[in-house]
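One structure below.
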Amino acid sequence: MRAAVGAMVLLALCACGSTPGPSGPGPLDRGPKAVSLEADPNGLWWDAASGTLFLADDENNRVLQWTDAGGVSLVADLPPAPANGAGLGNLVRMPDGTLVVVRFGGGTAGDVVFIRPDGSTHKVPGLKPDRRRIGLTLAQDGQLYVTYFVRVSNVNVGSVARLTLEGVEQEVIGALEKPVGVIGVGDALFVSDQLAGKVYRAPLASPQEYTLHADLPSPDLLAVGPGGSLLTGSREGKVFQISPSGEVGVLAAGYQQPRGLAYDAENRRLFIADHDGDTSNGTTHVLQIIPVE
């Protein structure tokens with residue numbers, strides 16, 4: 001697997017294309033390119049207005065940013081978490097610039113943290129620490145929604161909840177197995193259940209009335225892709241594209257474990273948090289950038 005990653009890096013260095021950037025004449029890299037990181041990226045968020053990709057560093061309990069001109073830099077270290085108790089999931093950027101990140105917590109230290117535009121970091125108060133939170137989205141109704149599951153008698157019990165930064169977490173969808181991704185698209189929420197191998201569609205007005213949208217193997221975090229499609233990675237090393245009517249196809253393959261995804265619609269490129277799940281010989285986590293035509 002590492003040999004394949006190395007080959008992709010060499011290919012990227014030799015064959016990547018660039019075009020004028022959205023905010024000036026600087027180079028804009030559409031890939032294919034593998035960006036080496038001293039981090040394990042999980043959740044990704046593309047901010048089109050500033051041309052900035054935000055990354056939740058699952059390994060180091062911090063948020064990073066990447067730009068074409070500046071590369072990777074630190075946004076902020078997050079509030080301390082218990083040893084081996086952080087594990088970042090997805091992140092979103094609120095309209096006022098606040099970055100919100102979920103922390104998995106392994107069943108004992110799950111929470112949600114956020115970074116204000118002034119750089120100060122905070123923890124959402126009063127949340128249940130046994131909830132393993134992974135997915136997060138900001139929906140059309142202006143509300144945050146989070147996925148989580150708990151272990152009851154060694155069985156997963158998963159839910160989607162409406163969340164406020166003041167500490168209110170109200171379940172809106174229950175009876176899931178391992179909900180990972182959630183994303184708001186128009187008047188609906190889409191939720192990926194990794195163990196069930198399904199993506200569901202839930203109307204915002206009545207989320208509990210969710211229906212099956214697509215079947216696919218081990219879907220991870222969700223992103224909006226071209227033409228109103230949904231994108232998700234899988235443990236098989238593939239990035240799947242789900243059409244608005246629910247048909248599933250493979251957009252890209254040959255990666256390690258694609259987790260978070262972010263699509264830059266203006267420049268038709270996709271960012272992939274490519275996680276190395278094989279720790280037997282070190283790890284090679286990378287940020288992949290690929291063109292999407």
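The values are calculated or read from the model by the stated rules, or taken from the named source; none is laboratory data. Source: prediction; values computed, not measured. Neighbour counts are summed over all protein chains in view; Cβ atoms, including those assigned to glycine, are modelled from backbone coordinates with ideal geometry.
Within region 247-256, the residues that satisfy the criterion of being closer than 24 Å to Leu212 by Cβ and surrounded by 15 or more Cβ atoms within 10 Å (Cβ to Cβ) are Val248, Leu251. Annotation: Gly126 fulfils all but one of (1) in a strand (DSSP E or B); (2) out of contact with any Phe, Trp or Tyr (no Cβ under 9 Å at 6 or more places or on another chain); the unmet one is (1).
Filter region 241-268 for residues that are basic (Lys, Arg) and assigned to a strand (DSSP E or B) and give the result. Within region 241-268, Arg259 is the sole residue that qualifies. In summary, strands (runs of 3 or more DSSP E) completely within region 66-122 and bearing 2 or more residues that are over 17 Å from Thr52 (Cβ atoms) occur at 88-93, 99-103, 111-115. Taking Ser120 as the residue in question, decide whether it is under 17 Å from Ala273 (Cα atoms), surrounded by fewer than 16 Cβ atoms within 10 Å (Cβ to Cβ) and either of a type in the set (Ser, Thr, Tyr) or over 18 Å from the mean Cα position of the chain (by Cα) (or both). No; evaluated as a whole, the condition is false for this residue.
Counted as qualifying within region 131-190 are the strands (runs of 3 or more DSSP E) with 2 or more residues that are over 16 Å from Val102 (Cβ atoms) and over 18 Å from the mean Cα position of the chain (by Cα), namely 144-152, 155-163, 169-176. Check whether at least one residue in region 69-86 is free of Cβ contacts under 8 Å to residues at least 60 places away in the same chain, closer than 30 Å to Gln208 by Cα and among the hydroxyl-bearing types (Ser, Thr, Tyr), and report yes or no. No, that holds for no residue.
Conditions tested, residue by residue: (1) in contact with a Ser or Thr (Cβ under 6 Å, 6 or more places away or on another chain); (2) basic (Lys, Arg); (3) crowded, with 19+ Cβ neighbours inside 10 Å.
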{"site": "Trp46", "(1), (2), (3)": "no, no, yes"}
{"site": "Leu64", "(1), (2), (3)": "no, no, yes"}
{"site": "Thr67", "(1), (2), (3)": "yes, no, no"}
{"site": "Pro79", "(1), (2), (3)": "yes, no, no"}
{"site": "Ala83", "(1), (2), (3)": "no, no, no"}
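Return the pair list, or none, for Cβ contacts closer than 7 Å from residues in region 270-293 that are part of a loop (DSSP other than H, G, I, E, B) to residues that are surrounded by 15 or more Cβ atoms within 10 Å (Cβ to Cβ) and among the charged types (D, E, K, R), at least 6 apart or on different chains. Cβ pairs passing all conditions: Thr283/Asp276; Thr284/Asp276; His285/Asp40; His285/Asp274; His285/Asp276; Val292/Arg269.
Within region 1-35, no residue satisfies the criterion of being out of contact with any strand residue (DSSP E or B) (no Cβ under 6 Å at 6 or more places or on another chain), modelled with pLDDT of 50 or more and either among the hydroxyl-bearing types (Ser, Thr, Tyr) or closer than 20 Å to Pro258 by Cα (or both).
Does Asp57 count as surrounded by fewer than 18 Cβ atoms within 10 Å (Cβ to Cβ) and either under 16 Å from the mean Cα position of the chain (by Cα) or of a type in the set (Asp, Glu) (or both)? Judged against the criteria, Asp57 is not a match.
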